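So the structure is just underneath, and the comments pick up after that.
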Amino acid sequence: MTQAIVLGAGISGLSVALELQAQGVDVKVLEASQRPGGAIGSIRHEGFLAELGPHTVAGSNAAVETFLHRTGLSERRLVANAESKRRFAVRDGRVFALPGNPMDLLKTEYLSGAAKLALLREPLAGPARDDVDESVTMFVKRRLGEEILEYGIDLMINGIWAGDPNRLSMRHAFRKVWGLESDYGSLIKGGIKKAKAAKEDPGPKFSKELFSFPEGNQELALKAAAMLDVEYDANVVALESGKKWSVKFTQGGKKRSLKADLVVSALPGWVLADLPIDKMSTGFLHALNYPSLAVETFAFKREDVDHPIDGFGMLVPKVENRRILGALFTSSLFSGRAPDGYVTMAVFSGGLRDPQMSQMPRDARRKIVLAELADVLGVHGSPVWEYESYWEEAIPQYEVGHGRIVVEIEALERRHPGFFVSGNFRDAVSVPDLIASGTELGQRAAQYLD
């Protein structure tokens, strides 16, 4: 008999379900679409590969290693090429290689002398008030100055959140960086002390190298789902509590229901916010902001791109007044993403910085994107292949006040025993962190059944 039902077969739901299964729990996963993975998906076409969402798994942790072992993916791990450590950014219309170490930082022309001095003065900056949930803008200006915000941190926001530094909460959107100040009083001092402590820690060490798989990140979802009892085209319409939880859903035009001792929601926040649940209100999740995002993968002949695109990718600060957020040089990241003689890149646009860009007709957006690639990277040929993925609700923004949403989720779980909430709107958005948080929640849910 089904003991647990997981709603959603994205990476969070799959991680929860795998852990429950490993704990001996009879678990079923209900997925509304026709495939597992949520935002994770890959398209292969005549030697080219495009990712629908995340292009890399950004390092490992204990939960990731367990996930890979359980799914048999450990030996299929494809580590990023060495040149992926090189990152680029645009300033004054030029593409600069970003500094990769302190010596490069001193020599780079990307930042002014004043910005470099501001970095050196960072340990002298005063602390924040404990009762203030600072925006990223407030935090960075206070500790590092405006130029670092505009030409440094803004790049991170583009690459991770496609968000707005004036709205993102430093405490929640960049929790580890925020912790350096709260724990050590300085980002630089904290970084040095944490690096030293990690080196001296006798515990297991996990690689920070980026990786993926020969057929893309979809392998994560496909392998995990193949090990689980997953029902697709299962659109959940209501939950009811009682001695057991009852999940009502439609599938193939028919109404169905299942009962279980516990339910884990790994649905997107905007879906859970509107789901009718007996004696429960999830409307507070409407406070989450999900901007739209367009991801366009282009393949070009190598000779049609002037820039060597020999790195991870290129990010574009807002102050450059361009429409694209950045581009990943996907054929440089991993082998097997393009045939010999060709290159691929994934270009991002939209987000909170330019919502009109992602929402305009595809042909109009494509024209703008290709024009900017021509201007910045010297692309002068037509794409030989292209693929677009459009996300109407992309990355949930951890904005100022996000802590109240987390508190509400925790209170919801306490008031309704046997109901658990997982997902990228709670406390993590990267693939490794989602696997870790999903695994931890699976352990917590299994303990509930004991």
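For the reader, a short list of remarks on this structure follows.
- Local charge for E147 was computed over the other residues whose Cβ lies under 11 Å away, with Lys and Arg +1 and Asp and Glu -1, and equals 0.
- For region 150-277, relative contact order (Cα pairs under 8 Å, six or more residues apart, normalised by length) works out to 11 percent.
- Compared with the rule-of-thumb size 2.2 N^0.38 Å for a compact globular protein, region 116-238 has a Cα radius of gyration ratio of 1.45.
- Solution diffusion estimate, µm²/s, Stokes-Einstein, region 385-450, Kirkwood Rh from C-alpha pairs, 20 °C, viscosity 1.002 mPa s: 154 µm²/s
- Neighbour net charge for L441 - beta-carbon separation under 13 angstrom, K R +1, D E -1: -4
- Pair D26, Q251: separation of 7 Å Cα→Cβ label points (nm): 1.5 nm
- Taken over the chain, the ratio of Cα radius of gyration to 2.2 N^0.38 Å equals 1.00.
- Whole-Hz ³J(HN,Hα) from phi, Karplus 6.51 cos²θ - 1.76 cosθ + 1.60, for region 265-278, glycine and proline x: 8, 10, 7, x, x, 6, 7, 4, 4, 9, 7, x, 10, 3
- Remark: region 291-391 carries a charge dipole of roughly 320 debye about the Cα centre, counting +1 on each Lys and Arg Cβ and -1 on each Asp and Glu Cβ.
- Net dipole in debye of the chain [+1 Lys, Arg Cβ; -1 Asp, Glu Cβ; about Cα centre; nearest 20]: 560 debye
- Relative contact order [Cα under 8 Å, 6+ residues apart], region 291-391, whole percent: 44 percent
- P(r) weight above 18 Å for region 237-298, C-alpha pairs, percent: 49 percent
- Legend: distances between Cα atoms for K208/K367; K85/K189; K107/K318; pairs beyond 30 Å are K208/K367.
- Cα-based helix-to-principal-axis angle, 402-415 vs the chain, degrees rounded to 10: 10 degrees
- Exposure proxy ranking, count of Cβ atoms within 10 Å, fewest first, for V319, V271, V305: V319, V271, V305
- Evaluated at q = 0.09 Å⁻¹: base-10 log I(q)/I(0), Debye formula over Cα of region 1-110: -0.42
- Taking amide hydrogens as placed 1.01 Å from N in the peptide plane, the amide H of A39 sits under 5 Å from those of I11, each at least 5 positions away in sequence or on another chain.
- Note that region 291-391 carries a Kirkwood radius of 13.6 Å, evaluated over its alpha carbons pair by pair.
- Across the chain, C-alpha contacts under 8 Å between residues 6 or more apart give a mean separation that, scaled by the residue count, equals a relative contact order of 27 percent.
- Rg/Rh ratio calculated on Cα atoms of region 17-174 (Kirkwood radius): 1.05
- Straight-line cross-link partners of K255 among the lysines, defined as a Cα under 27 Å from its Cα and at least 8 positions apart when in the same chain: K28, K243, K244, K279.
- The alpha-carbon of K205 sits under 12 angstrom from the alpha-carbons of these aspartates and glutamates, leaving out residues fewer than 8 places away in its chain: E65.
- Residue-wise HN-Hα couplings along region 104-112, as the Karplus relation 6.51 cos²θ - 1.76 cosθ + 1.60 with θ = phi - 60° gives them from phi, are 4, 4, 5, 8, 5, 8, 5, 10, 6 Hz; Gly and Pro carry x.
- Span per principal axis, largest first, for the Cα atoms of region 169-246 (Å): 51, 39, 26
- For region 316-333, 3J(HN,Hα) per residue [Karplus equation, 6.51 cos²θ - 1.76 cosθ + 1.60, θ = phi - 60°, Hz, x = Gly/Pro]: 10, x, 4, 5, 6, 6, 10, 8, 8, 7, x, 8, 9, 8, 5, 6, 8, 5
- Value at 222 nm in deg cm²/dmol, rounded to 500, when DSSP H runs of n ≥ 4 in the chain each add -39,500 (n - 2.57): -9500 deg cm²/dmol
- Electrostatic bookkeeping for N424 treats Lys and Arg as +1 and Asp and Glu as -1; over the other residues with beta carbon under 12 Å from its beta carbon, the sum is -2.
Each reported figure results from applying straightforward, stated rules to the coordinates on display, with no laboratory input. Predicted model only: the values in this text are computed from it and were never measured. Cβ: placed from backbone, ideal geometry, glycine included. Neighbour counts: every protein chain shown.
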